[in-house]
């Protein structure tokens, strides 16, 4: 065990813990528990909004998995990762003010609240809640495994112990503090991620003897490492471009991101968040993946991609600084799982229980239920993560694509296309999810594109065709009340 | 229609437009310059030119374009007419 590395890490965990406890007190005292617990009461300012979006989006794969692949494939993978630059501005610009205004008018707290008010259909709500639970659960499990592995590799404790430490630190502040605590810790984690990226990139360039030297060493080893096509020429332009849908513009359909697009204070906050978010997400993605490529010169011959970043940090940085840098992926994982945990429990408590089982539940019982559902899901994920399927990135990307195929069109067209209706939305969710699962199993990366592309097209076709076929009662509650 | 939605619709289209531009910039430099044989590569700051323009310059240019788009074209609109007081109450 390396105490010099460990102390900054422990300090970081304690800081998160305190932030959670502190905000928890505010939440339990204030009125409007549901809106506060699941949405932070629509208070987010620009800086906080930007960082919480980046932190939620950036996960273990941005800090560990992604740079590990870049280490093996070269600059082509950095090019692919830069498709993520658009996430900084696209979601907020497209959902934009309209989503924020409509969410306020109908008092929506979750993505499903919006779908329910827009489509007025039980099946849309049930399909949506089911997809959110299934996909986000598997994504949380993947992230949870990542978190446990990170702590395991830093501290040397056994994996189950590491997992307990991780679960405990996440659950305490998510259960107690809800969205507001998650947002505060997300912001701190976003800052840690940014600083960590800066430090390790600089340290690696220095250790590698400067950029020109690093590039010429790479080129001498294998010229393909410095082309856009990848070390083994596997990265075709079409394949790489299709990631613009998966990790770029498609992010607009992820519930954990859309919920943030209804949580900001005013339009100034949204404007500021777009500027800050684009810069921060671009910097982290470029910096971390480039570091992964440069690492090939500094520490050659590493077989397991996931080990590149931890080993690199220990090699090029003094111990205490490595501790701070290694807190970054932990921060990324924690800030992703905490938001997801909250989304899953909100879709169970708010969207299913209050909507359909007990609409007149008292504030007190809702509060108790929210705490216990969040805890139970956390414990379930812990149990799954204890004996994980060995497919971290796959599970994670799988949930990305599945949610995108389900929600992009019901959200975006629901917002901007008057003729869209419940038949279209239900067909779009089911068609997207089913075709995604089938294609993923039977014909992954069909026609050289990432598997997500076709299901998104199918889901669009289903939305338009079914909406047009069932045009009888488009005059829904929202247009009658002149809300949309 | 709520007049604020007109603002919102226009801004959504601008967001899509910027994303399209971003993609074209990224694609054109990466595969235009990077498709050549490695021996013909030029280097800027030690990085291959295709990578410098597509990823490094692309990051800087589009960060600036987002700033310009937001500051020049995006309009401030009020979000709440009726829930203002409730929000203030929660602040305490």
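The values are calculated or read from the model by the stated rules, or taken from the named source; none is laboratory data. Worth saying up front: this structure is predicted, and the values here are computed from it rather than measured. Using ideal geometry, Cβ is built from the backbone for each residue, glycine included, and neighbour counts are taken over all protein chains shown.
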Exercise for the section: Run residue A:279 past the list (1) more than 8 Å from chain B (Cβ to nearest Cβ); (2) more than 17 Å from the chain's Cα centre (by Cα); (3) crowded, with 22+ Cβ neighbours inside 10 Å and report the number of the one that doesn't hold. Expected result: (1)
Practice task
Mind listing just one residue for me: the one in the stretch A:288-299 that is assigned to a helix (DSSP H, G or I) and surrounded by fewer than 23 Cβ atoms within 10 Å (Cβ to Cβ) and, of those, nearest to the other protein chains (Cβ to nearest Cβ)?
Solution key: A:297
Fill in the blank from the handout: Residues of the stretch B:10-41 being facing chain A (nearest Cβ under 7 Å) and more than 20 Å from residue A:244 (Cα to Cα), in sequence order, are B:11, B:38
Practice task
List the helices (runs of 4 or more DSSP H) that sit entirely inside the stretch A:65-167 and contain at least 3 residues that are at pLDDT 85 or above, in contact with a helix residue (DSSP H, G or I) (Cβ under 8 Å, 6 or more places away or on another chain) and more than 18 Å from residue A:255 (Cβ to Cβ).
Solution key: A:66-73, A:75-81, A:90-105
Exercise for the section: Working only within the stretch A:252-274, note down all residues that are within 11 Å of another protein chain (Cβ to nearest Cβ) and in contact (Cβ under 8 Å) with a residue 12 or more places away in the chain. Expected result: A:252, A:262, A:264, A:265, A:267, A:268, A:269, A:270, A:271, A:272, A:273, A:274
Practice task
Quick one: which helices (runs of 4 or more DSSP H) lie wholly within chain B and hold at least 1 residues that are at pLDDT 90 or above?
Solution key: B:3-34, B:58-68
Handout entry: Test for residue B:52: is it surrounded by 13 or more Cβ atoms within 10 Å (Cβ to Cβ), touching a helix residue (DSSP H, G or I) at 6+ places or on another chain (Cβ under 9 Å) and over 22 Å from residue B:16 (Cβ atoms)
Key = yes
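Looking only at the stretch A:201-223, how many residues end up being within 8 Å of chain B (Cβ to nearest Cβ) and surrounded by 14 or more Cβ atoms within 10 Å (Cβ to Cβ)? Lay out the reasoning, then the answer.
Within the stretch A:201-223, the subset within 8 Å of chain B (Cβ to nearest Cβ) is A:210-215, A:219, A:223.
Filter once more, so that each one left must be surrounded by 14 or more Cβ atoms within 10 Å (Cβ to Cβ): A:211, A:214-215, A:219, A:223.
Count: 5.
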